[in-house]
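The values are calculated or read from the model by the stated rules, or taken from the named source; none is laboratory data. Nothing here was measured: the structure is a model prediction, and the numbers come from that model. Glycine gets a Cβ as well: all are built from the backbone with ideal geometry, and neighbour counts include every protein chain shown. Calculation scope for accessible area: heavy atoms of the full protein, side chains included, ligands and nucleic acids excluded. Shrake-Rupley method; radii C 1.70, N 1.55, O 1.52, S 1.80 Å.
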Amino acid sequence: MDETDARIRSFSKSLGTIGGGNHFCEMQTLVTCEPDVGLDVGALYLLIHSGSRGYGTAVLADVPHDGFNGMHPDADATSAYLAGHDQAARWARLNRRIIAERAADALRTDVRLIADVPHNLLVRVGDGWLHRKGAAQADAGLVPLAGSRATPSYLLRPSHTEAALWSTAHGAGRRYDRSSMHGRVGTKRSDLEAMQRTSFGGRVICEDRALLIEEAPLAYKSAAAVAADLEATGVAKTVATFHPLLTFKKTRTGGLRNA
């Protein structure tokens, strides 16, 4: 068994789980849509934000200490990192697919992929490298823009502009860091219960009290404003708007199968 096989085995139990932080699986309803997009208004859709579940972190841990000062493109360490990076990206894609299939099974329905657009990836562009840190790939079709669990999310059609490095925002972005959120929202039982309801009549499933506070809608910028800015600057155009119905973040047992 080679090193890659060993790593795959060690992370196999995490496949199909969402993780912590800002990761989630959300059932949404489509409320507006451009006719040429081909989606059904009123139908249910899934938006999944989850990654490689620690696989990518393990790949990064293998980088030699001096590698963070820059790695030569032809170095063995660079080749090893890029191979691990690409494997972690495939692992994350598989993880999201399993989450979607588990959610569809729980809803007793079928599921089909509309878009799977990663962020935080490294790609070769000409003679250089492009690192999309917090930015989504915008040269391969439609891109989702995630709102907070109490705000709309959007589907974007990127303009594929070189000025934006063929990238676009993947979410609203935080207004406040996680630690400061513990002093910004109420912590009474009634406050926590209120955070498990949304203005759209939806519910949030999160049994981690600290995570519920850290990921409160107040922590995030306006996704509507981000979408408007992307359109105003010619980076992307909103083609569909979704409202959250059920946001699954974390149970004590951690798996979507336990929702």
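Scanning segment 203-225 for residues that are open to solvent by 30 Å² or more (accessible area, probe 1.4 Å) and assigned to a helix (DSSP H, G or I), which turns out farthest from Lys250 (Cα to Cα)?
Step by step, filter segment 203-225, then rank; the result is Ala225.
Give just the number: which of (1) over 18 Å from the mean Cα position of the chain (by Cα); (2) buried (at least 18 other Cβ atoms within 10 Å of the Cβ); (3) at pLDDT 95 or above; (4) β-branched (Val, Ile, Thr) does Val59 not satisfy?
Val59 satisfies all of (1) over 18 Å from the mean Cα position of the chain (by Cα); (2) buried (at least 18 other Cβ atoms within 10 Å of the Cβ); (3) at pLDDT 95 or above; (4) β-branched (Val, Ile, Thr) except (3).
Criterion first (in contact with a strand residue (DSSP E or B) (Cβ under 6 Å, 6 or more places away or on another chain), open to solvent by 30 Å² or more (accessible area, probe 1.4 Å), of a type in the set (A, V, I, L, M, F, W, C) and part of a loop (DSSP other than H, G, I, E, B)) does Val123 satisfy it?
no
Output the number of the condition that Tyr81 fails; it satisfies all remaining conditions of (1) part of a strand (DSSP E or B); (2) among the aromatic types (Phe, Trp, Tyr); (3) touching a helix residue (DSSP H, G or I) at 6+ places or on another chain (Cβ under 8 Å).
(1)
For the list (1) under 27 Å from Thr241 (Cβ atoms); (2) in contact (Cβ under 8 Å) with a residue 60 or more places away in the chain, I need the number of the one condition that Ser14 fails.
All conditions pass for Ser14, except number (1).
Kindly evaluate Glu193 against the criterion of being charged (D, E, K, R), surrounded by fewer than 19 Cβ atoms within 10 Å (Cβ to Cβ) and modelled with pLDDT of 90 or more.
Yes: the conditions hold for Glu193.
With respect to Asp36, determine if the residue is more than 11 Å from the chain's Cα centre (by Cα), under 16 Å from Tyr154 (Cα atoms) and among the acidic types (Asp, Glu).
Yes: the conditions hold for Asp36.
Please determine, by comparing only the residues of segment 138-154 that are open to solvent by less than 30 Å² (accessible area, probe 1.4 Å) and farther than 25 Å from Met195 by Cα, which one is nearest to the chain's Cα centre (by Cα).
Filtering first and then ranking leaves Val143.
Consider Pro73 carefully, then state whether it is open to solvent by 50 Å² or more (accessible area, probe 1.4 Å) and within 27 Å of Trp129 (Cβ to Cβ).
Yes; evaluated as a whole, the condition is true for this residue.
So Ser180 clears everything in (1) open to solvent by 30 Å² or more (accessible area, probe 1.4 Å); (2) in contact with a Phe, Trp or Tyr (Cβ under 8 Å, 6 or more places away or on another chain) except one condition, right? Which one?
Here Ser180 meets the rest and fails (2).
Of the conditions (1) of a type outside the set (Phe, Trp, Tyr); (2) in contact with a Phe, Trp or Tyr (Cβ under 8 Å, 6 or more places away or on another chain); (3) within 16 Å of Phe24 (Cβ to Cβ), Ile114 fails just one. Which one is it?
(3)
Answer with yes or no whether His243 is open to solvent by 30 Å² or more (accessible area, probe 1.4 Å) and either in contact (Cβ under 8 Å) with a residue 60 or more places away in the chain or among the basic types (Lys, Arg) (or both).
Spelling it out, His243 is indeed open to solvent by 30 Å² or more (accessible area, probe 1.4 Å) and either in contact (Cβ under 8 Å) with a residue 60 or more places away in the chain or among the basic types (Lys, Arg) (or both).
Hey, any hits in segment 29-39 for a residue that's under 30 Å from Thr151 (Cα atoms), in a loop (DSSP other than H, G, I, E, B) and either open to solvent by less than 30 Å² (accessible area, probe 1.4 Å) or in contact with a Phe, Trp or Tyr (Cβ under 6 Å, 6 or more places away or on another chain) (or both)?
The answer is yes, given that some residue of segment 29-39 is under 30 Å from Thr151 (Cα atoms), in a loop (DSSP other than H, G, I, E, B) and either open to solvent by less than 30 Å² (accessible area, probe 1.4 Å) or in contact with a Phe, Trp or Tyr (Cβ under 6 Å, 6 or more places away or on another chain) (or both).
Which of the residues that make up segment 1-19 are small (Gly, Ala, Ser) and surrounded by 14 or more Cβ atoms within 10 Å (Cβ to Cβ)?
Ser14, Gly16, Gly19
Go through the residues of segment 50-69 one by one and say whether even a single one is in a helix (DSSP H, G or I), closer than 21 Å to Asp116 by Cα, among the small types (Gly, Ala, Ser) and in contact with a strand residue (DSSP E or B) (Cβ under 9 Å, 6 or more places away or on another chain).
Of segment 50-69, the ones in a helix (DSSP H, G or I) are 55-61, 65-69.
The next check asks that each one be closer than 21 Å to Asp116 by Cα; those that pass are 55-57.
Keeping just the survivors that are among the small types (Gly, Ala, Ser) gives 56.
Subsequent filtering for residues that are in contact with a strand residue (DSSP E or B) (Cβ under 9 Å, 6 or more places away or on another chain) retains 56.
Yes, that holds for at least one residue.
Do you know which residues across segment 226-240 are touching a residue at least 40 places away in the same chain (Cβ under 8 Å) and open to solvent by less than 60 Å² (accessible area, probe 1.4 Å)?
The answer is Val226, Ala227, Leu230, Gly234, Val235, Ala236, Thr238, Val239, Ala240.
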